[in-house]
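Inspection log for the structure reproduced underneath, given as structure tokens.
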Amino acid sequence: MNLALGPVSSITRSANYKWWVFASVALGLFLTVTDQSGVNIALPRIAEHFGADLPSAQWIALGFTLSTSVMFMPVGRLSDIFGRTHVFMLGFGVFVVAAAIGGTAIAFPVLIAAKIIQGIGVAGIEANGMAMVADIFPEKERGKAIGLYMSIIGAGAVGGPVIGGTLVSLLGWRSIFASSLCVGIVALVLASLVLRRGIGEQAGDTNRTSFDWTGAALSAVVLVSFLLSITNGHKLGWDSPAILAGLGVAVIALIAFIWWEGRAEAPMLDLSFFNSKVFTLGVSARFLSFLAGSAVYFIMPFYLVQGLGMEPSRAGLLMVPGSIAIAVWGPLSGRLSDRIGTRWLTVAGMVLTTVGMLMFAALNEDSSQLRVMISIVIEGTGIGLFSSPNTSAIMTSIDSRKFSVASAFLNLVRTSAGLSGIAIFTAIVVFTMSSQGFAPDLSAVTEAGGHAVRLVFIEGMSRAFTAAAVVMFAALVISALRPENPVTDIDAQ
């Protein structure tokens, strides 16, 4: 259909329409990525403004992550029922309203609630963005398109801390919400002019109007129990009754979810996806890569600031080349995968990330900034080489009518793997510290804490990155085992 959701525009009939769709999706993606990192930069100022301690302020980020993760799968299924365009734009609307509430909040609980609501909107945007890009571009150009999609994530990761830090320094923390509100309105208007109804929708889904409420409830229980447990495990102790109970509830709910999804008429997650070796092995490698990669962006800042004594601004700049490498190599590997296939590019990416992790593990208190930056660039290049071909292979292995729920699932894999990795590798570091008589807390790694605690922290960091290298190598093996041609898997579904 050629009707736009806003005024009829020649854009929707343009030969370059796919690029207009990409521009609309890219603006939304860039906004959500920069907003997340910008608000994280502002947490100390927000805590100061409301008189809250930093752990309480961190619930702004945690609440956002929980709501986004919990809503990914339900939103993906709703998109396949009611249309990606509708849910994508509704997500923008929710995002904009929540930005207005957060920017004008006069009570701390209201601000947390606004970020939770905003997370629901982001789920609507991110669950459909990749799906629409994958569908609007022909299969022979899908790698290139997904590569560019990944480059937007890299650009947002680079620009978010810079934009957020500048806004907070010049105009205060509320300016982050104000800028998100303004850009969100522009993005919503652009989407209304560009996006046609029914992008990617095809006839033939007999369960189109059904929604799996039981599956949605079970998946929510799994995610909330699991994410709360792993994010608090190192604080309360991994053997504490609360953490063990939370993990137990997550396991039981996961078993119930899998059992139910195998019997539901219109499941939240189509388990037939996993009949495809490309999908199963691709998702497994994706999970492991994000699990191990989370160590870089969480532990490295502690090493640079507390371990080497850098200024936070200097440490931030040293991390930027890694994000730039992802942004540069993502489109290049995507375009190359359209020509030579996806398998060996993902293997090459995992080789570089494994090398990068081993280089991180070899860092010490005397390592030069150049050595650190080279390690970060190698790891970032590996992630850039891996992500686009891997994602393209996964998306091409399934029916395009189910792109939204698949895209939502891939985003859920990313967020859950990232949080799990932070919890696991932090636990390795703090266990190393406690085994040598120091407080099991990364906040103890300060100049006032003394030289000894910093050395023990670096020892723990080395162990954590060695473990991350093992995880990356496992992703390498899985990528090598993945079949090359995903097209043959479509027919099996």
Original post:
Can you give the FRET efficiency for SER435 and ASN16, using 1/(1 + (r/R0)^6), R0 = 41 Å, r = Cβ-Cβ distance, to the nearest 0.05?
Top reply: 0.10
Subject >> Cα-based Rg and Dmax for the chain, where Dmax is the largest Cα-Cα distance (Å) >> reply: 22.0, 69
Original post:
Mind checking which lysines have their C-alpha under 17 Å from LYS144, skipping anything on the same chain fewer than 8 residues away?
Top reply: LYS18
Subject >> Dipole magnitude (debye, nearest 20) for region 249-371, charges at Cβ of Lys, Arg, Asp, Glu >> reply: 360 debye
Original post:
Taking the highest mean first, how do the peptides 345-354, 163-172, 22-31, 378-387 order by number of other beta carbon atoms within 10 angstrom per residue?
Top reply: 378-387, 345-354, 22-31, 163-172
**OP:** Average the reciprocal distances over every distinct pair of alpha-carbons in region 239-359, invert the result, and give the Kirkwood radius in Å.
**Re:** 18.4 Å
Original post:
Using a 1.4 Å probe, what is the accessible area per residue for region 222-294, in Å²?
Top reply: 47 Å²
Subject >> Cβ-defined net charge surrounding ILE299, 13 Å radius [Lys, Arg +1; Asp, Glu -1] >> reply: -1
Subject >> Diffusion coefficient, µm² s⁻¹, Stokes-Einstein with Kirkwood Rh over alpha-carbon pairs of region 83-174 at 10 °C and 1.306 mPa s >> reply: 105 µm²/s
Subject >> Length released on extending from VAL186 to LEU370, taking residue separation times 0.36 nm less the Cα-Cα span >> reply: 62.2 nm
Original post:
Are any of the pairs LYS115/LYS140; LYS115/LYS235; LYS115/LYS277; LYS235/LYS402; LYS235/LYS277 more than 32 Å apart by Cα-Cα distance, and if so, which?
Top reply: LYS115/LYS140; LYS115/LYS277; LYS235/LYS402; LYS235/LYS277
Subject >> Per-residue SASA entry for SER37, accessible area with 1.4 Å probe, Å² rounded to 10 >> reply: 30 Å²
Subject >> Computed [θ] at 222 nm, helices only, for the chain once each DSSP H run of length n ≥ 4 contributes -39500 (n - 2.57) >> reply: -27000 deg cm²/dmol
**OP:** Output the relative contact order of the chain, whole-number percent, from Cα pairs under 8 angstrom with separation of 6+ residues.
**Re:** 22 percent
**OP:** Taking the Cα centre of the chain as origin, sum charge times position over the Cβ atoms of Lys and Arg (+1) and Asp and Glu (-1), and report the length of that vector in debye to the nearest 20.
**Re:** 820 debye
Original post:
In square angstrom, rounded to the nearest 10, how much accessible surface does LEU193 have for a 1.4 Å probe?
Top reply: 60 Å²
Original post:
Distance in nm between label sites at LEU236 and SER272, each 7 Å beyond Cα in the beta-carbon direction?
Top reply: 4.0 nm
Subject >> In sequence order, calculated HN-Hα J values of region 135-142 (Karplus, 6.51, -1.76, 1.60; Hz; x Gly/Pro) >> reply: 7, 6, 8, x, 4, 5, 10, 5
Subject >> Rounded if a/c under 1.5, otherwise prolate or oblate - region 317-432, Cα gyration tensor axes >> reply: oblate
Original post:
Tell me, what are the semi-axes, in whole angstrom and largest first, of the equivalent ellipsoid of region 145-185 as set by the roots of 5 times the Cα gyration tensor eigenvalues?
Top reply: 24, 13, 5
Subject >> Percent carbon-and-sulfur accessible area, the chain, ignoring ligands, DNA and RNA, probe 1.4 Å >> reply: 69 percent
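The values are calculated or read from the model by the stated rules, or taken from the named source; none is laboratory data. Just so you know, these numbers come straight off a predicted model, no measurement behind them. Neighbour counts are summed over all protein chains in view; Cβ atoms, including those assigned to glycine, are modelled from backbone coordinates with ideal geometry. These accessible areas exclude ligands, DNA and RNA; they are computed on the full protein's heavy atoms, side chains included. Shrake-Rupley method; radii C 1.70, N 1.55, O 1.52, S 1.80 Å.
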